[in-house]
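The values are calculated or read from the model by the stated rules, or taken from the named source; none is laboratory data. It should be emphasised that the depicted structure is a prediction, and the values quoted were computed from it without experimental measurement. Cβ placement follows ideal geometry from the backbone for every residue including glycine, while neighbour counts extend to all protein chains displayed.
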Amino acid sequence: MRNLLLVMCAIILMSCSVKPKEKAKEKIKYEADWESLKQYEVPEWWLNTKFGIYFHWGPYSVPAHETEWYAIHMYTEGHPIREYHEKTYGNLKDFGYKDFIPMFTADKFDADKWAELFKKSGAQFAGPVAEHADGFAMWDSELTEWDAMDMGPKRDVVGEMAKAVRKQGMKFIATYHRHWLYAWFPTWDKTTDASDPAYEGLYGPYVPEGSFVMATGDYPNPPKKEFHEEWLARLDELMDKYQPDIIWFDNKMDIIEEDYRKQFLANYYNKAQDWGRDVVCTYKFEDMAVGTAVLDLERSRMSEKKDFPWLTDDSIDWKAWCDISDPKYKSTNRLIDFLVDVVSKNGAVLLNITPRADGTIPEGVETRLLEMGEWFKVNGEAIFDTRPWKIYGEGPQEIVEGHLSEDKNPEAVAEDIRFTTKGDDLYAITMAWPTETMNIRSLAKKEGLLTKNIKSVNLLGYEGKINWELTENGLQVEMPDTKPCEHAFALKIQLQ
């Protein structure tokens, strides 16, 4: 009897120690309705994600002249790029945009090598521009012959990158700009190849002259139903073939009727549940309803911390989004300072890089990515998996908000300090090496922001002891004589 009682007690204790199974996530049936789509919740992995890479790469990379908008400007009467094109390649009837496609060979493209570089740079997600405004799909499409599998490289660029990126443990992003195709090419102009019905699969359907007013971004003659349907069909194909973790859209998506935008989101979120994945969609301006996806800015950032996660995309080149003959690359220091500022305000950075038409990555681009990776090795814990603190930071740098405003923002200085937090750790990142005692004014006793005592202060990448003192005027830190890295410097403040 005694043994029986002991066995019964053991069974009871074991049953008490077994944790109940977590309740399975309830599947949501998303409808093509903004209220239904507001059930979406930004996944935890996205909140931990701070840095990604994508690339503008396509037939427009062949001329490598001035801009990825070469495709539209080469047809614009009186534009300098048209003059350049006609002098270099001939008239637009004999040599149009389609004729760059055979020259887009990508013979040195190595998806695995690219993905390895992105991983070394510190990126947590990466992927291609799946289709730019030029109508050329970079994947193996059943919906068009004007794609990278059938023409040009004759390779499934999106598919190869999806596989390579995931092999490196990163999330996969595909960006989609097809809505810009409407009236992008002058299909009404009989003096160019764009008016030939044989090329409608690339240049888009015939539209009357004046259907797109570039100066205002208006569309006086909106597209017909067929354009919207193909826009959605290509997205469905992208999703079904590659199951992207992130789908990113360029702005001016209001050219696509609202019902189709809602249907896309419903399709994406419903498919993702079938895949067993939590996904992210981004949008600009008011192209999606607030609460249904993640807001993205272009070449710009927030001036203050936000209570919602957001993204900003910018190019490594001040001048262009694709490879050009005379690039003006941003410094590594500028790229890192930008990222630190964005992360402190609850944002993440999507950095565009500029591969050459043959599939090589310019040395200036690769160098900067590797330098960012070296910085992350030292300071990554102050960025990845962090959350914004009570305030984003302090210092004299004033950020100008607004579309394409990044070139208006000044360089940061040592007095510009940004905060992030993780558990009981507070990180204070100074944008430049202090020339005297570092004083973090926001942490002053009189400010009352610190509600816990400081246990220790360490400089990431430096193994020695750091002398510090918390005063009424701030946290004063004596920085060592040796820098632990070349760019922004992170203090780890452990709180009790």
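Here is how the numbers come out for the structure above:
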read-out: Extreme residue, nearest to the chain's Cα centre (by Cα), among residues of region 233-260 that are assigned to a helix (DSSP H, G or I), under 22 Å from residue 142 (Cα atoms) and not aliphatic (A, V, I, L, M); value: 242
read-out: Hits in region 353-404 - residues which are outside any helix (DSSP H, G or I) and of a type in the set (Asp, Glu); value: 358, 385, 394, 398, 401
read-out: Residue that is farthest from residue 394 (Cα to Cα), among those in region 440-457 that are in contact with a Leu (Cβ under 7 Å, 6 or more places away or on another chain) and either outside any loop (DSSP other than H, G, I, E, B) or β-branched (Val, Ile, Thr) (or both); value: 455
read-out: Residues that are surrounded by 16 or more Cβ atoms within 10 Å (Cβ to Cβ) and not small (Gly, Ala, Ser), drawn from region 428-440; value: 429, 430, 431, 434, 438, 439, 440
read-out: Cβ pairs under 7 Å, 6+ apart, first in region 95-107 and over 13 Å from residue 149 (Cα atoms), second among the small types (Gly, Ala, Ser) and in a helix (DSSP H, G or I); value: 96/194; 97/71
read-out: Of residues in region 403-427 being within 18 Å of residue 315 (Cα to Cα) and out of contact with any helix residue (DSSP H, G or I) (no Cβ under 8 Å at 6 or more places or on another chain), the one surrounded by the fewest Cβ atoms within 10 Å (Cβ to Cβ); value: 407
read-out: Yes/no for residue 207 being among the aliphatic types (A, V, I, L, M) and surrounded by fewer than 19 Cβ atoms within 10 Å (Cβ to Cβ); value: no
read-out: Residue satisfying condition, being among the acidic types (Asp, Glu) and either more than 25 Å from the chain's Cα centre (by Cα) or over 24 Å from residue 296 (Cα atoms) (or both), within set 385, 424; value: 424
read-out: Selected residue (only one of 143, 117 is assigned to a loop (DSSP other than H, G, I, E, B) and hydrophobic (A, V, I, L, M, F, W, C)); value: 143
read-out: Among the candidates 394, 472, 436, residue that is over 23 Å from residue 314 (Cβ atoms) and at pLDDT below 95; value: 436
read-out: Among residues of region 394-426, those that are among the aliphatic types (A, V, I, L, M), more than 30 Å from residue 217 (Cα to Cα) and in contact (Cβ under 8 Å) with a residue 24 or more places away in the chain, counted; value: 4
read-out: Some residue of region 110-122 being of a type in the set (S, T, N, Q), in the same structural domain as residue 167 (by TED's automatic domain parsing), surrounded by 21 or more Cβ atoms within 10 Å (Cβ to Cβ) and touching a residue at least 24 places away in the same chain (Cβ under 8 Å); value: yes
read-out: Qualifying residue in region 30-47 (condition: on the phi < 0 side of the Ramachandran plot, crowded, with 19+ Cβ neighbours inside 10 Å and among the charged types (D, E, K, R)); value: no
read-out: Qualifying residue in region 95-106 (condition: among the β-branched types (Val, Ile, Thr) and farther than 29 Å from residue 262 by Cα); value: yes
read-out: Any chance residue 391 is among the β-branched types (Val, Ile, Thr), surrounded by 22 or more Cβ atoms within 10 Å (Cβ to Cβ) and either under 22 Å from the mean Cα position of the chain (by Cα) or over 30 Å from residue 57 (Cα atoms) (or both); value: no
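Residue by residue, here is whether (1) over 30 Å from residue 382 (Cα atoms); (2) at pLDDT 95 or above holds:
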{"position": "3", "(1), (2)": "yes, no"}
{"position": "7", "(1), (2)": "yes, no"}
{"position": "10", "(1), (2)": "yes, no"}
{"position": "14", "(1), (2)": "yes, no"}
{"position": "18", "(1), (2)": "yes, no"}
{"position": "31", "(1), (2)": "yes, yes"}
{"position": "38", "(1), (2)": "yes, yes"}
{"position": "44", "(1), (2)": "no, yes"}
{"position": "62", "(1), (2)": "yes, yes"}
